[in-house]
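Step one of this worksheet: look at the structure below.
What follows draws every value from the coordinates through simple rules; no lab data is involved. Being a predicted model, the structure only gives us computed values, none of them experimental. Cβ sites come from the backbone with ideal geometry, for glycine too, and all protein chains shown count toward neighbours.
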Amino acid sequence: MGSYDLAVIGGPTASGKSAASIALAKRLNGEVISADSMQVYTHMDIGSAKISKDMMQGIPHHLIDILEPTEEFNVSLFKELAEDAVQKIVQKKSFPIICGGTGFYIQSLLYGIDFKEGETDQKVRDKYEKLAESDGLSSLEERLETVDPVSAKAYHGNKKRVIRALEYLELTGEKLSDKNKRQRAQESVYNAAYFVLTMPRELLYERIDKRVDLMMKEGLLEEVKKLMDMGITRNMTSMQGLGYRQIYDHLSGEYDLETAVYEIKKQTRHFAKRQMTWYRREKKVIFIDVTKFGDHDTSAERIADHMRDIINGQI
RNA sequence: GGCGACAUGGCCAAGCGGUAAGGCAAGGGUCUGCAACACCCGUAUCACCAGUUCGAUUCUGGUUGUCGCCU
């Protein structure tokens, strides 16, 4: 397996990560760890484009269907669970393959970002939340400006992060920006082969549109209805997912179905764009243009061959 | 054929004498506990021609185009 500890398969949504991860796992006696903020939830299959048991072809998968949609999920939890999974896979003499589009999650694992210090405190958070409501976000921003100007500049207008910065400082006495600087200096804890699947933007957008249409055909509407019946509300982490929240809004009478579908497509395009900017700044990624590996139905195998060769040091 | 209205960036749309609001889309970016989140940056010389004026996207005339009404 050369000198790599693990492989990462990233890329924008709808780029074919899942198929490639299966093909690679078969080649390397690997197991897949999903780095996806929505596929962790049960009852959310269609909208999250969750890989089916069939498609898994017997390859073990981790971090899929591990939470109820009522439960919270976040980077910190992901990192913990993913680390455990990596360890278990390695102990079995198998090869870990991280597959998913959430760049932040992958980063947290690769660089061992420490979320233990300044662990979030609901009381402190509520306090700032209330302040934001009564005095406005700008008052919190001013406050942050005086105690941690670097964070204040970076998080301008960003309520969640302004509050986190304030919270972190209050809990630890250290500026969040200082902690980040400290952590950024860290080297990756794993030697990872970080692949990112890409394709021309136009093609990607086409595939996104098609995939959303397919999700609708497969019953995304019904899926969201069921979630609502289960008592899932708009503010839960699970209902933040693309596709879910738009259908939710439609079902709550915000807009008609056509608008919902249009919004899902548009927002997914925006998302894909953001994913790309994330990968661009990631240091050692290996971009793989999937269009160079034949047509879509058969390319996964050839892409996996290519990735395997790189991992084995043959390229 | 006649009458009237309108022509502003990819789309929608303000401005109506002093050198182009805004929204959306496209594009770029930020991100260290909600990240499929949240946030930031950002693109025109106003259909064309000729006048009036110190100065016109804004006024006048014409050309072209679009829309509506009428015969």
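Per-structure values
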{"quantity": "5 Å binning of all Cα-Cα separations within region A:99-251, expressed as whole percents from 0 upward", "calculated": "2, 7, 12, 12, 13, 14, 15, 13, 10, 2, 0"}
{"quantity": "Farthest toward positive dipole pole in chain A [+1 Lys/Arg, -1 Asp/Glu at C-beta], among A:Ser48, A:Ile106, A:Leu131", "calculated": "A:Ile106"}
{"quantity": "Amide H within-cut-off set for A:His62, under 5 Å, with H built and near neighbours excluded", "calculated": "A:Val32, A:Ile33, A:Ser34"}
{"quantity": "Estimated dipole of chain A in Debye, rounded to 20 [Cβ of Lys and Arg +1, of Asp and Glu -1, Cα centre]", "calculated": "940"}
{"quantity": "Chain A, relative contact order in percent, only Cα pairs under 8 angstrom and at least six apart counted", "calculated": "29"}
{"quantity": "Mean-position separation - Cα centroids, region A:1-49 and region A:196-261, in angstrom", "calculated": "21"}
{"quantity": "For chain A, built as a Gaussian network whose Cα springs stay under 10 Å, the top-fluctuating residue of A:Asp213, A:Asp121, A:Asp135", "calculated": "A:Asp135"}
{"quantity": "Charge tally in the Cβ shell below 14 Å around A:Glu80, where Lys, Arg are +1 and Asp, Glu are -1, A:Glu80 excluded", "calculated": "-2"}
{"quantity": "Charge dipole (debye, nearest 20) of region A:95-185; +1 at Cβ of Lys and Arg, -1 at Cβ of Asp and Glu", "calculated": "300"}
{"quantity": "Rg [Å, one decimal], Dmax [Å, integer] - chain A, C-alpha atoms", "calculated": "20.6, 61"}
{"quantity": "Cα gyration tensor shape of region A:182-315, rounded if a/c is under 1.5, else prolate or oblate by comparing a/b with b/c", "calculated": "prolate"}
{"quantity": "Region A:9-78: relative contact order as a whole-number percent, Cα under 8 Å and 6+ apart", "calculated": "33"}
{"quantity": "Rotationally averaged projected area of region A:237-309 (alpha carbon convex hull; nm²)", "calculated": "7.3"}
{"quantity": "Most mobile of A:Ile66, A:Ile113, A:Ile208 in a GNM of chain A (Cα contacts under 10 Å)", "calculated": "A:Ile66"}
{"quantity": "Radius of gyration, Dmax [region A:54-111; alpha carbons; angstrom]", "calculated": "12.2, 35"}
{"quantity": "Under-5 Å amide H pairs with A:Phe95, H placed in peptide plane, nonlocal only", "calculated": "A:Gly30, A:Glu31"}
{"quantity": "Cα-based shape type of region A:78-132, given that a ≥ b ≥ c are square roots of the gyration tensor eigenvalues and the cut on a/c is 1.5", "calculated": "prolate"}
{"quantity": "Within chain A, longest stretch clear of exposed trypsin sites (Lys or Arg not before Pro) (DSSP loop, no more than 14 other Cβ within 10 Å)", "calculated": "A:117-233"}
{"quantity": "Kirkwood hydrodynamic radius over Cα pairs of region A:122-184, then Stokes diffusion coefficient at 4 °C and 1.567 mPa s, in µm²/s", "calculated": "113"}
